[in-house]
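Notes follow the structure.
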Amino acid sequence: MLEVKGISFRYRKGQWLFKDLHLTVKPGEVVGLFGYSGAGKSTMAQIMAGYKEPLEGEIIVDGRTDYDSNAHPVQLVWQHPEKVINPKWRMKKLMTEATVSDPAFLTALGIKEEWLNRYPSELSGGELQRFAIARALASSTKYLIADEMTTMLDAITQAQIWHAVLKLAAQRNIGILAISHDAHLLRRISDRTIDFSGLTSCSGPFD
Amino acid sequence: MSMQRIDAYATPTKSNRSERQRAWTRIILALLLLAGIVVWALLINADNLKVNLEGRNTAPSLAHLFGTDWLGRDMFARTLKGLTLSLAVGMLAALSSTGIALFFSLLSSWNKWLDDMVTWVTDLFLSIPHIVTLILLSVAVGGGFKGVVVGLALTHWPRFTRLLRAEVLQVKEAEYVGVSRQLGRSRLWIARHHFLPHLFPHLLVGFLLLLPHAILHEAAITFLGFGFSTDTPAIGVILSESMSYLSTGLWWLAFFPGLALVIMVSIFELLGRSIRRLAETSSG
Ligand SMILES: Nc1ncnc2c1ncn2[C@@H]1O[C@H](COP(=O)(O)OP(=O)(O)O)[C@@H](O)[C@H]1O
Ligand SMILES: [Mg+2]
């Protein structure tokens, strides 16, 4: 189980983005999270995936809190794939950065063989995002956080990608936290949806 | 918005392309000239370097393009030999300094303490005039050939280290490096696969721009008498010897070797800058 236990965070001396935030995602469960822009969802996602330390509280993944030298069991897919892919690498190198377990998954995501020899600048945002997703679903991944993962894509691509991801998640019993402002999308893919502002005592400018 | 950002770094523009073509032309030209110097020097007939007391102090002519010296040695042959020696020593020095700069910049990325140490040592070296550290080091290891090489190799890294360190620290903050870390990749792996490819063009350009520095410094300390011994066919030796003959009107003894040195150094500058242009305008 992925447990967020009472975390609080603010940037520098700014306003608290959230205080005492609690959230759990069970293995194999798909949780949809929505909230207005600037509420702090992406920040929370980065804390959950180990990119940032919370100022208070902790993240417990299947009973553990440290993974220093190993791959983190919680992987984050960012909204902008071009930032998380080294522009000097060919795509096949990206696929060696993580141990991608199932080649059929690449096909299901719509990744074409010939893309593997290209550089990131030669692919579209949607094409890059498929690679980022494939990498994030490395064999060591137990939970996936999809932060506006398909926001920039057209409806057909969005459906194709989510179909592949949900199928693999079900096979491997991976828990997913899907973050989006698109409530309609979340309702279609999630087992339950929650409102970010309901998670925390203080959230954004309205408090 | 993200789509626009992706398009922005896609295809090189037209003016970019012609600029790249010009850079390539300059690079090829520079390489041909350098290869010409080396090949010509290798083909030099050893007889030309022999003492020939009948043909002493002759002014430049078709037989002796750069004239002859007070022992009748052909100055053209001596200059070419001197240039290749300078080139070899410069290469060795630039290569070692590049290695040191790379090592220090990667060390900087390790942790705050190592970064502080690297910055401290770099600043220390930069606060002393270069020629002073060069002479001190070269005297400390016993002078001569070894002194010059060690001195040059160990003094050309500080400015370069500063540049590489800034580059490494910038890539270290890139989001794709953070992702690598979360995927369990080790620091060594990240240094090898993220930092090195990013540094590679800087290493190449830095190495090429260090060469003229090292070559000029080698000539300078030799000229000042701290470098090669007088029996070495080095440009610095030729220049310092010819100083005593300048007053007697043997202008060609210093003029041509000096000019040749300046030309070779300029070729390296041209090469380094053109490659930098290429790296700056590349898309990938
Ligand atoms: N690196 C940062 N430094 C300072 N402020 C930040 C940083 N990243 C985001 N913020 C601010 O924190 C707030 C929450 O941002 P974010 O977590 O991206 O919210 P959301 O994903 O819900 O839109 C915003 O007001 C944003 O401007
Ligand atoms: Mg966000």
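The values are calculated or read from the model by the stated rules, or taken from the named source; none is laboratory data. All values reported here derive from a predicted model rather than from experimental measurement. Reconstructed Cβ throughout: ideal geometry from the backbone, glycine too, with neighbour counts over all protein chains shown. Each accessible area value is taken on the protein alone, full model and side chains, heavy atoms only, with ligands, DNA and RNA left out. Shrake-Rupley method; radii C 1.70, N 1.55, O 1.52, S 1.80 Å.
Please report, ordered by residue number, the helices (runs of 4 or more DSSP H) entirely within region B:140-242 with at least 3 residues that are modelled with pLDDT under 90 and either under 17 Å from B:Ala93 (Cβ atoms) or among the small types (Gly, Ala, Ser) (or both). Don't jump to the end; show me each part of the working.
Values: elements: B:144-153, B:158-172, B:175-182, B:187-190, B:196-223.
Per the criteria, B:144-153, B:196-223.
Would you call B:Ser274 among the small types (Gly, Ala, Ser) and open to solvent by less than 20 Å² (accessible area, probe 1.4 Å)?
yes
Got at least one residue in region B:240-261 being of a type in the set (Gly, Ala, Ser) and either under 18 Å from B:Ile135 (Cα atoms) or crowded, with 23+ Cβ neighbours inside 10 Å (or both)?
In the first step, residues of region B:240-261 are kept if they are of a type in the set (Gly, Ala, Ser); the result is B:240, B:242, B:244, B:247, B:249, B:254, B:258, B:260.
Cutting the leftovers down to either under 18 Å from B:Ile135 (Cα atoms) or crowded, with 23+ Cβ neighbours inside 10 Å (or both) gives us B:240.
The answer is yes, given that some residue of region B:240-261 is of a type in the set (Gly, Ala, Ser) and either under 18 Å from B:Ile135 (Cα atoms) or crowded, with 23+ Cβ neighbours inside 10 Å (or both).
Take B:Gly227 and tell me if it is open to solvent by less than 40 Å² (accessible area, probe 1.4 Å) and in contact with a helix residue (DSSP H, G or I) (Cβ under 7 Å, 6 or more places away or on another chain). Show your work before the answer.
On the way: open to solvent by less than 40 Å² (accessible area, probe 1.4 Å): yes; in contact with a helix residue (DSSP H, G or I) (Cβ under 7 Å, 6 or more places away or on another chain): yes.
So B:Gly227 fits the description; yes.
Considering only residues that are of a type in the set (Ser, Thr, Tyr), open to solvent by 10 Å² or more (accessible area, probe 1.4 Å) and within 16 Å of ligand 2 (Cβ to nearest atom), which ones fall in region A:126-151? Outline the logic, then answer.
If we filter region A:126-151 for residues that are of a type in the set (Ser, Thr, Tyr), which is where we start, we get A:139-141, A:143, A:150-151.
This time we only want the ones that are open to solvent by 10 Å² or more (accessible area, probe 1.4 Å), so: A:139-140, A:151.
Listed by number, the list holds a single entry, A:Thr151.
Within region A:152-181, which residues are open to solvent by less than 70 Å² (accessible area, probe 1.4 Å), touching a residue at least 40 places away in the same chain (Cβ under 8 Å) and of a type outside the set (A, V, I, L, M, F, W, C)?
Those that are open to solvent by less than 70 Å² (accessible area, probe 1.4 Å), touching a residue at least 40 places away in the same chain (Cβ under 8 Å) and of a type outside the set (A, V, I, L, M, F, W, C): A:Thr157, A:Gly175, A:Ser180.
Quick check on region A:20-55: of everything there that is surrounded by 14 or more Cβ atoms within 10 Å (Cβ to Cβ) and among the acidic types (Asp, Glu), which residue is farthest from ligand 1 (Cβ to nearest atom)?
Here the residue is A:Glu29.
Just give me the residues in region A:73-113 being within 21 Å of A:Asp147 (Cα to Cα) and out of contact with any helix residue (DSSP H, G or I) (no Cβ under 8 Å at 6 or more places or on another chain), in sequence order.
A:Pro73 - this is the single residue of region A:73-113 that is within 21 Å of A:Asp147 (Cα to Cα) and out of contact with any helix residue (DSSP H, G or I) (no Cβ under 8 Å at 6 or more places or on another chain).
Taking into account only those residues within region A:182-198 that are surrounded by fewer than 16 Cβ atoms within 10 Å (Cβ to Cβ) and at pLDDT 90 or above, which is nearest to ligand 2 (Cβ to nearest atom)?
Taking the candidates together, the pick is A:Asp195.
Going by the conditions given, is A:Ile7 more than 16 Å from ligand 1 (Cβ to nearest atom) and hydrophobic (A, V, I, L, M, F, W, C)?
Values: more than 16 Å from ligand 1 (Cβ to nearest atom): no; hydrophobic (A, V, I, L, M, F, W, C): yes.
No, not satisfied.
Filter region B:53-71 down to the residues that are surrounded by fewer than 17 Cβ atoms within 10 Å (Cβ to Cβ) and either out of contact with any strand residue (DSSP E or B) (no Cβ under 8 Å at 6 or more places or on another chain) or not in a helix (DSSP H, G or I) (or both) and list them by number. Reasoning before the result, please.
In the first step, residues of region B:53-71 are kept if they are surrounded by fewer than 17 Cβ atoms within 10 Å (Cβ to Cβ); the result is B:53-57, B:59-63, B:65, B:70-71.
Hits for region B:53-71 are B:Leu53, B:Glu54, B:Arg56, B:Asn57, B:Ala59, B:Pro60, B:Ser61, B:Leu62, B:Ala63, B:Leu65, B:Trp70, B:Leu71.
For A:Val74, indicate whether it is within 21 Å of A:Ile133 (Cβ to Cβ) and more than 11 Å from ligand 1 (Cβ to nearest atom).
On the way: within 21 Å of A:Ile133 (Cβ to Cβ): yes; more than 11 Å from ligand 1 (Cβ to nearest atom): yes.
In short, yes.
Name, by its number, the condition in (1) open to solvent by 20 Å² or more (accessible area, probe 1.4 Å); (2) closer than 30 Å to A:Val100 by Cα that does not hold for B:Phe195.
(1)
Are there any pairs with C-beta distances below 9 angstrom linking a residue in region B:162-190 that is more than 10 Å from chain A (Cβ to nearest Cβ) to a residue that is surrounded by fewer than 18 Cβ atoms within 10 Å (Cβ to Cβ) and among the hydroxyl-bearing types (Ser, Thr, Tyr), with the two at least 6 apart or on different chains, and if so which?
Within 9 Å, the pairs are B:Arg162/B:Thr119; B:Arg165/B:Thr119.
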